[in-house]
Amino acid sequence: MELRVLEYYLMVVREENITRAANLLHITQPTLSRQLSQLEEELGVRLFKRGKHNITLTEEGLLLKRRAQEMVDLADKTRRELVQGQGELSGTISIGSGETKSIHLLAELMTEFRRLHPGVSYDIYSNTADHIKDRIEKGLTDIGLLTEPVEVGKYQFVRIPEKLKWGVLVRRDSPLAQKKEIRPEDLLGVPVLLANRDSVRNELANWFGDCYERLDIASTFNLLYNASALVESMNGAALCMELDTRYQNLVFVPLEPRLTAGAVLVWKKNQFFTQTVEQFIKFIMNARERDNWAEGGERK
């Protein structure tokens, strides 16, 4: 598969129309159709269902869309890395992060590093720890800010010193909002929203104890902003970590017994990084020593 043809494919997927895609790519429609047919022949699968005015993807087409985007992104990242100058640090550092208050510390480090090296820019990807680790493994992300529980044995890492507090996000007019803390039995009979990470759900199940099997789990989620709309609509409770974000009609109430989690900055062991990423990692390590962060993995 040629990278150029995958880029053509992604344009057709985006436009859902071969003629429009050909115009944007500045090639003829027959040429683009021929390239797509050759791609299907090479792969031995049908990628599209062609309608009168648009195309839809088959299951195989959806899989190729995901893989093609990863390959194109990796190629773009490689190009940027190769053109970085040998003098002043420049180029892009790719960082993945979940929704966490720890982002403030990382943001301060990013700002300070860019003040020293104005030619540096950042590409931030937001998702859960599992997705960020997957991108690190594929070489799409350099550094991840992961919220525990998370397995970091295969990474080099440093721990963020701040502990994150677990609680529930509920409507202001909910009886739960009047409590100083939330106990497991308080959530029985309430539509509950849980994170869709298995490791997180297992930790919360331990906190709930015998109450867990009696919960009304209405939904799972990965980003809290989207879950907050459902909390407001169904007068439910989203189990989450405390963020600095304020929601107009919602309040955060901590859990009792108290439940906390940490966060870690991770990068792949024995990975070749650009000089810019290497220097940023050293900058993080120096900040840890300077500010006496909690112990984590050591950079070799």
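The values are calculated or read from the model by the stated rules, or taken from the named source; none is laboratory data. What you see is a predicted model, and the numbers here were worked out from it, not measured in a lab. Neighbour counts run over all protein chains shown; Cβ positions are idealised from the backbone, glycine included. Ligands, DNA and RNA are excluded from the accessible area calculation, which covers all protein heavy atoms including side chains. Shrake-Rupley method; radii C 1.70, N 1.55, O 1.52, S 1.80 Å.
Summary of values
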read-out	value
For region 164-238, alpha-carbon Rg and Dmax in angstrom	11.6, 31
Straight-distance crosslink candidates among lysines, where the alpha carbon sits under 20 Å from K179 and sequence neighbours closer than 8 are dropped	K165
Spatial extent of the chain: Rg and Dmax, with the Cα atoms as the point set, Å	23.3, 67
Whole-Å semi-axes of the ellipsoid equivalent to region 1-56 (Cα gyration tensor, √5λ, descending)	16, 14, 9
Selected from G44, G96, G153 as most flexible by GNM, with the chain as the system and alpha-carbon contacts under 10 Å	G44
Nearest-ten-degree value, helix 103-116 long axis tilted from longest Cα axis of the chain	50 degrees
Under 11 Å, Cβ to Cβ, from L89 - net charge with Lys/Arg +1 and Asp/Glu -1	-1
Inter-centroid distance (Cα atoms) of region 25-70 relative to region 226-299, Å	39 Å
For N235, residues with placed amide H under 5 Å, excluding near neighbours	none
Heavy-atom SASA rank of R246, R79 (probe 1.4 Å, accessible area, largest first)	R246, R79
Compactness of region 117-228 as Cα Rg over 2.2 N^0.38 Å, two decimals	1.31
Over 19 Å [Cα-Cα, region 165-300], rounded percent	57 percent
Distance violations [Cα-Cα > 18 Å] among K154/K268; K154/K269; K77/K268; K77/K154; K77/K101	K77/K154; K77/K101
Helix-only mean residue ellipticity at 222 nm for the chain, each DSSP H run of n ≥ 4 adding -39500 (n - 2.57), per residue, nearest 500	-13000 deg cm²/dmol
Over region 1-125: Kirkwood hydrodynamic radius from C-alpha pairwise inverse distances, Å	17.3 Å
Burial ranking of peptide ranges 113-119, 6-12 (average Cβ count within 10 Å, highest at the top)	6-12, 113-119
Length added when fully stretched, R79-C211, from 0.36 nm per residue minus Cα-Cα	42.3 nm
13 Å beta-carbon shell around L194, net charge (K/R +1, D/E -1)	-1
Degrees, to the nearest 10: 59-82 long Cα axis against longest axis of the chain	90 degrees
Angle in degrees between helix 275-291 and the longest Cα principal axis of the chain, rounded to the nearest 10	10 degrees
E88 accessible area, 1.4 Å probe, all protein chains in place, Å² to nearest 10	110 Å²
